[in-house]
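Novice: To start, I am sharing the structure in question, which I have written as structure tokens.
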Amino acid sequence: MKRNLWMIMFAAVLFLTAIFLPYPMLSLSLYFIAYMLVGWDILIRAGRNIVRGNVFDENFLMTVATIGALILGEYPEAVAVMLLYQIGEYFQKRALQKSRKSIAALMDIRPDTANLERNGSIETVDPDTVIIGDVIVIKPGERVPLDGTIIAGSSTLDTSALTGESIPREVLTGDEIISGCVNIAGLLRVSVTKKYQDSTVTKILELVENATRHKARSEAFITRFAKVYTPLVCGAALLLAFIPPLLFAASLSAWAARALTFLVVSCPCALVISVPLTFLGGIGGASRNGILVKGSNYLELLSKAETVVFDKTGTLTEGTFRVTSIHPQLLSENALLYLAATLESASSHPIAKSICLHNKIPIAADALSDMVDLQGFGLSAVYQKHRYYIGNQALMEQHGIACPYCPHTGVVVHLAKDGQYLGHIAISDHLKSSAKDAINALHSEGIRRTILLTGDRTDIARQTADILDIDQVYAELLPADKVAHVERLLTEQKDGYLVFVGDGINDAPSLARADVGIAMGALGSDAAVEAADIVLMDDDPLKISTAIRIARRTMRIARENIVFALGIKALVLVLAAFGIANMWMAVFADVGVSILAILNAARALRTRYATQRGESL
Amino acid sequence: MKKTFSISDLNCAACANALEKKLSTITGVKSVSINFFLEKLTLEADDDQFDVILQRVKRVVDHSFPGAVLT
């Protein structure tokens, strides 16, 4: 690179001297030396490529254009084109290197080593060699190399590289921590729960690196366009050189000069480089904000979002339920809770977990038999020779069990034994603090409608929607109903796309069915994260509008680049055909446009998007 | 088996696309993708033949881009 720069500068000096020298023979030889200085590597590459049949490559085109100019006796033109081309290439490489570095910096979350505790001593090893159950030690200032559970120590973690959240997170013994965070304060001993290849950090990097494979439409368009563009322009150049002289006896050299100008602009590189780079920048910038985008195409779809459909629990609410009151009939409060916890012990539903968490009496997990999971209703199992039902009101009604009205908002779990009503437990969930701002932000971004789909009771769902200003609510849905609603809503779309935001296993089909599925990454089930197109690492619903803004900005930059690069090239082609544009302009239209497009694409990398946080609830 | 290699000194994105297409026609290559910006080449091929196929890929890369380094 450095050597190239000196070579270019030396050639430039020779070139300028040659222009002002009054001796034609001397300046001619200076031109020749300058041309060879800046052009020799291009000539060699072009020669090699011709032998291999790669005719339409940049080197070949520049060689033909400049040699053509030399034959026509336009020595200064030939040298200037080669010189400007090399200068342009130099800056283009610099710009590209810079963007590459910023992208690499964005993804600099890969841990190099892990401190493995083995037989009482600590070894520094490759994270790849650590297995599940191994104990690693993370010192202050180090990056967490693998996912795991803290078995000793407490600290604060900087999660900003993963979540975009700048406030450090407090962690204590027993907490799960994910790889990629930086340990700020204390020494941590961690029991590893995932192998390196399954760890969060590896998954994130794979996602981002592979994201560009799902090409956006504009990207695919450019790739296809580039393939026909060069042969087309070269063909036009041929016609331009020979048709007018043959038909109208015009001067061959004048038209040949115009044709050579065509060749200089015929390389599609500005487009081929800048558009995918824009998307990569957008994806990189999003990942720095804790938003993982699995493909460029999803940015394109998201930028035209029209409807946003939400799941409620875990998406707009914390997803952590707490038992608020216990209303037994016949039994004591503790006895009812104990029974409920026993029945729910095998379930992974958040409501079940909250009941188990609230119960303080140890339960015998193997006491249950013949358990049936009645999705959307609750469950039933045999315990101590009695058939128990636990679940919502609909479940009770199904079995003809009368249950009293409960005035508590939140979820009410009813319990019955052999058709006899035992009582109910009220549980409630809290809205996420940013939920209201999230919906407001979406409305102000121009989202036409927001919709809530939930398995929850109608009155709770309606109350939530009212607080949050959500336009439509569909409640008491079974998992299958959610997909059906998403499908119906899809047919109601005008010209935008439908976004579904969810977190649970039951949301996975809807996430996959929607135009764009956004999953809550930290709380979300693996199935949801897998099925989604975009993952929010910190579960903050406010990030949905941030993602939309990033998507729109990325699309705008990509469009700018397409219009700009194509526009300038078309302009120069037209001007050249009429003999107005010269080769100098053509060089600008080639490399100059590339550089500007790369610089413009680099804007998509901008990492800080202010999240519009207003009054929190 | 899928493996990722770093590939440097590719000239331009258009050349990378062309190379990717060329490599995908090599017998035994299940899928191949080149990420020009991250300078990475991902190759997928059958396990037992992987090394042989990798050699073929390397030869084509050397032939098309004498400056490019595949590691």
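Novice: So for chain A, what percent of the C-alpha to C-alpha distances run longer than 37 Å?
Specialist: 52
Novice: Give the aspartates and glutamates whose C-alpha is closer than 14 Å to that of A:K101, dropping any in the same chain fewer than 8 places away, or say none.
Specialist: Hits, sequence-local ones excluded: B:E39.
Novice: In square angstrom and rounded to 100, what buried accessible area do you get between chains A and B, total over both, with the probe at 1.4 Å?
Specialist: By this definition, chains A and B bury close to 1700 Å².
Novice: Next question, about the same structure. Just the number please: accessible area per residue for the protein assembly as shown, 1.4 Å probe, all protein chains included, in Å².
Specialist: I get 45 Å² per residue for this part.
Novice: Taking only Cα atoms of the range A:39-154, what ratio of Rg to Rh do you get with Rh as the Kirkwood inverse-distance radius?
Specialist: Taking Rh as the inverse mean 1/r over Cα pairs, Rg/Rh reads 1.41.
Novice: Residues of the range B:29-50 with accessible area at least 50 Å² lower in the all-protein-chain context than alone (1.4 Å probe)?
Specialist: So the qualifying set is B:F37, B:L38.
Novice: Ignoring any ligand, DNA or RNA, what whole percent of the accessible area of the range A:458-510 comes from carbon and sulfur when the probe is 1.4 angstrom? Walk me through the numbers before you get to the answer.
Specialist: Values: 1250 of 2430 Å².
Summing carbon and sulfur atoms, their accessible area is 51 percent of the total for the range A:458-510.
Novice: Now, a different point. Roughly speaking, to the nearest percent, how much of chain B's 1.4 Å accessible area is carbon and sulfur? Please report the intermediate quantities before stating the final value.
Specialist: On the way: 1740 of 3560 Å².
Carbon and sulfur together cover 49 percent of it.
Novice: Right, here's the next one. Starting from the Cα gyration tensor of the range A:381-526, multiply each eigenvalue by 5, take the square root, and state the resulting semi-axes largest first in whole Å. Please report the intermediate quantities before stating the final value.
Specialist: Working: eigenvalues 223, 60, 40 Å².
The equivalent ellipsoid of the range A:381-526 has semi-axes of 33, 17, 14 Å.
Novice: Of the options A:I467, A:F242, A:G295, report the single residue whose Cα projects farthest towards the positive end of the charge dipole of the protein assembly as shown (beta-carbon charges: Lys, Arg +1; Asp, Glu -1).
Specialist: Final value for the positive-end residue is A:F242.
Novice: Hey, if you put +1 on the Cβ of every Lys and Arg and -1 on every Asp and Glu Cβ in chain B, which of B:S6, B:I34, B:V52 ends up farthest toward the positive end of that dipole?
Specialist: Going by the charge dipole, the pick is B:I34.
Novice: Under 28 Å Cα to Cα from A:K360, which lysines show up? Leave out anything in the same chain fewer than 8 places away.
Specialist: A:K385, A:K417, A:K432
Novice: Out of A:G423, A:T173, A:V572, whose Cα points farthest toward the positive end of the dipole of the protein assembly as shown (charges: +1 Lys, Arg; -1 Asp, Glu; placed on Cβ)?
Specialist: A:V572
Novice: Further, regarding this structure: Report, in listed order, any pair from A:K294/B:K2; A:K203/A:K227; A:K98/A:K203 with a Cα-Cα distance greater than 28 Å.
Specialist: A:K203/A:K227
Novice: OK, next. Checking the cross-link filter: which aspartates and glutamates have an alpha carbon closer than 17 Å to that of A:K139, excluding same-chain neighbours under 8 positions apart?
Specialist: Output for A:K139: A:D112, A:E117, A:E123, A:D126, A:D147, A:D158, A:E170, A:D175, A:E176.
Novice: Based on the Kirkwood radius over alpha-carbon pairs, what value in µm²/s does the Stokes-Einstein equation return for the translational diffusion coefficient of the range A:254-397 at 25 °C and 0.890 mPa s?
Specialist: My calculation gives 117 µm²/s for D.
Novice: Round to a whole angstrom and tell me the spacing of the C-alpha centers of the range A:440-492 and the range A:72-138.
Specialist: 44
Novice: On to the next question. When Rg is the radius of gyration of the Cα atoms in the range A:12-69 and Rh is its Kirkwood radius, what does Rg/Rh come to?
Specialist: 1.11
Novice: Right, here's the next one. Considering only the protein assembly as shown, what is the antiparallel percent among its DSSP beta bridges, to the nearest 5? Kindly include the intermediate steps, with their values, before the conclusion.
Specialist: Numbers: 69 of 89 bridges.
Just about 80 percent of them are antiparallel.
Novice: Taking N as the number of residues in the range A:467-617, what is its alpha-carbon radius of gyration divided by 2.2 N^0.38 Å?
Specialist: Its radius of gyration relative to the 2.2 N^0.38 Å reference: 1.51.
The values are calculated or read from the model by the stated rules, or taken from the named source; none is laboratory data. Because the structure is predicted, anything quoted here is derived from the model rather than measured. As a convention, Cβ positions derive from the backbone with ideal geometry for all residues, glycine included, and neighbour counts pool all protein chains shown. With ligands, DNA and RNA removed, areas are computed over all heavy atoms of the protein, side chains included. Shrake-Rupley method; radii C 1.70, N 1.55, O 1.52, S 1.80 Å.
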